[in-house]
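The values are calculated or read from the model by the stated rules, or taken from the named source; none is laboratory data. Here the structure is a predicted model, which is why all the values come from computation and not from measurement. All Cβ positions, even for glycine, are placed from backbone atoms using ideal geometry, and neighbour counts span all protein chains on display. To get the accessible areas, we keep the full protein, side chains included, count just its heavy atoms, and leave off ligands, DNA and RNA. Shrake-Rupley method; radii C 1.70, N 1.55, O 1.52, S 1.80 Å.
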Amino acid sequence: MTDDANSPNNSSPDSPHGRGPEYPYSGARWTARPESPADTAAVHAVNAAAFPTEAEADLVDALREDPSAWLPGLSYVVEAADGSLAACALLTRCRVGSVPALALAPVATAPEHQRMGAGQAVVRALLDAARRRGESLVLVLGHPEYYPKFGFVPASRYGIRPGFEVPDEAMMALVLDDSAPVPQGTIEYPAAFGV
């Protein structure tokens, strides 16, 4: 993850431009919206710049080509004031046993916008979009200091585990719909994850 914990938690009302919520931070406003086809190259560039290798950028490209994983409307971007992409985040279809769930990965912030709230803005907007779609469970393998601010807890609390070894506190789950039963079992990721 490429953002920090010092950003606001609240979103302001929807953008008057109909592009989604805006997220204020230190005078800047982050405009979150679903990725459009015109954003593909910029999303790749943000992921490539945010991580040490292009593996995450290539992962997004591969997931975009997998109709069983890609969910239109669940790849979000955040724009900087100049209209450039500051951050992006993706939810794709995974399963816990045979039950559909979502995998949050990757989340990336362009280096020049890191530690300014762009990452938090895009994650919050994306999770809100998943709730509106009626999704019930999101899983993330990430920094245990970062993701709890969104409500994630260790997935093991629900009897959910990955099919590979990771520290327990790094594999996390967020229940979006308390009325749905939470599945138990092993996470099955899309093939592009290579696990």
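So what is the accessible area of the range 91-195 per residue, in Å², with the probe set to 1.4 Å?
Details: 4580 Å² over 105 residues.
Accessible area per residue, the range 91-195: 44 Å².
Computed from the C-beta positions of Ala41 and Ser68 and an R0 of 22 Å, the FRET efficiency is 0.35 to the nearest 0.05. Got a number for carbon plus sulfur as a percent of the chain's accessible area, 1.4 Å probe? That share works out to 52 percent. Note on Asp61 and Val153: the model spin-label points, each 7 Å out from Cα along the C-beta direction, lie 4.0 nm apart.
Taking each DSSP H run with n ≥ 4 as -39500 (n - 2.57) and averaging over every residue of the chain yields -5500 deg cm²/dmol at 222 nm.
So for Trp30, Trp70, what's the accessible-area order with a 1.4 Å probe, most first?
Working: Trp30 5, Trp70 45 Å².
From most exposed to least exposed: Trp70, Trp30.
Within the chain, the selection of entire DSSP H helices by a Cα span of 20 Å or greater along the long axis and an average Kyte-Doolittle value of at least -1.0 returns 118-132. Shown in residue order for the range 136-151 are the 3J(HN,Hα) couplings computed by the Karplus curve 6.51 cos²θ - 1.76 cosθ + 1.60 at θ = phi - 60°: 10, 8, 10, 10, 9, 9, x, 5, x, 8, 8, 6, x, 4, 8, x Hz (x for Gly and Pro).
Report D for the range 43-110 in µm² per second (integer): Stokes-Einstein, Kirkwood Rh on Cα pairs, 25 °C, 0.890 mPa s. Answer from the Stokes-Einstein relation: 197 µm²/s.
Given charges of +1 on the Cβ of Lys and Arg and -1 on the Cβ of Asp and Glu, with all other atoms neutral, how large is the dipole of the chain about its Cα centre, in debye to the nearest 20?
Details: 14 positive and 24 negative charges, 109 e Å.
Dipole magnitude for the chain comes out near 520 debye.
Take the alpha carbon atoms of the range 39-78, find their center, do the same for the range 128-152, and report the distance between the two centers in whole angstrom. For the range 39-78 versus the range 128-152, the Cα centre distance is 18 Å. A crude spin-label estimate for the pair Val195 and Asp82, with each label 7 Å from Cα along the Cβ direction, gives 3.6 nm. In this simple spin-label approximation, Glu54 and Arg29 carry label points 7 Å from Cα along the Cα→Cβ vector, and these lie 3.6 nm apart.
Among the GluC sites (Glu not before Pro) within the range 117-168, those in coil by DSSP and having at most 15 neighbouring Cβ atoms inside 10 Å are Glu145, Glu165.
Normalised radius of gyration (Cα atoms, divided by 2.2 N^0.38 Å) for the chain: 0.96. In this view, the solvent-accessible surface of His143, computed with a 1.4 Å probe and all protein chains in place, comes to about 90 Å².
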